[in-house]
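To start, the structure under review is shown below, and the notes come after it.
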Amino acid sequence: MNLKIDISKEGSTQTLVAVAGEIDAYTAPKLREALLPLADEPNPVITVNLQNVSYMDSTGLGVFVGLLKNVRKNEGQLILVELSDRLERLFSITGLSDIIDISSKSEGGVQ
């Protein structure tokens with residue numbers, strides 16, 4: 001089971017993260033290791049594109065809860081974009097869609 005994580009910076013505080021593959025008990029530690037340091041910056045804005053994530057279990061949800069806590073501690077923002085219907089339902093059922101900014105469209109660039 002592979003997980004691909006691409007991280008790119010836009011400006012001093014905005015980070016775009018594209019995740020592809022499955023997020024489960026085996027791959028969640030890799031995701032956590034890649035994402036948590038991004039939240040340690042002052043006022044981080046982290047946008048995570050989950051368009052190419054085919055599966056996520058509760059371990060993956062835990063990664064995003066932990067990331068959200070660190071982002072908020074540093075007065076930042078976490079945005080999840082391009083979730084599949086399945087992932088949107090998962091975040092909705094668990095109530096996480098009420099506390100995490102979830103958008104069906106990718107955001108980036110200047111509008």
- For region 9-48 and region 58-107, compute the distance between their C-alpha centroids and round to whole Å. 12
- Message: Given contacts defined as C-alpha pairs under 8 Å and at least six residues apart, what's the relative contact order of the chain, whole-number percent?
- Response: 24
- Query: Amide H neighbours of Leu80 under 5 Å, counting only residues 5+ apart in sequence or on other chains, H built in-plane at 1.01 Å?
  - Reply: Val48, Asp101, Ile102, Ser103
- Query: At a 1.4 Å probe radius, carbon and sulfur cover how many percent of the accessible area of the chain?
  - Reply: 47
- Message: As a test of the formula, what do you get for the chain when each DSSP H run with n ≥ 4 contributes -39,500 (n - 2.57) and the sum is divided by the residue count, at 222 nm and rounded to the nearest 500 deg cm²/dmol?
- Response: -9000 deg cm²/dmol
- When we measure straight from the Cα of Lys30, which aspartates and glutamates land under 15 angstrom away, once same-chain ones fewer than 8 places off are left out? Asp6, Glu22, Asp57
- Message: Within 10 Å, at most 16 other Cβ atoms, and a DSSP state outside H, G, I, E, B define an exposed site. Report the longest part of the chain free of exposed GluC sites (Glu not before Pro).
- Response: 1-74
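The values are calculated or read from the model by the stated rules, or taken from the named source; none is laboratory data. Just so we're clear, the structure is a prediction, and the values are computed from it rather than from any experiment. Cβ coordinates were reconstructed from backbone atoms using ideal geometry, including for glycine residues, and neighbour counts include every protein chain displayed. Note: accessible area is taken over every heavy atom of the protein model, side chains too, but ligands, DNA and RNA are not part of it. Shrake-Rupley method; radii C 1.70, N 1.55, O 1.52, S 1.80 Å.
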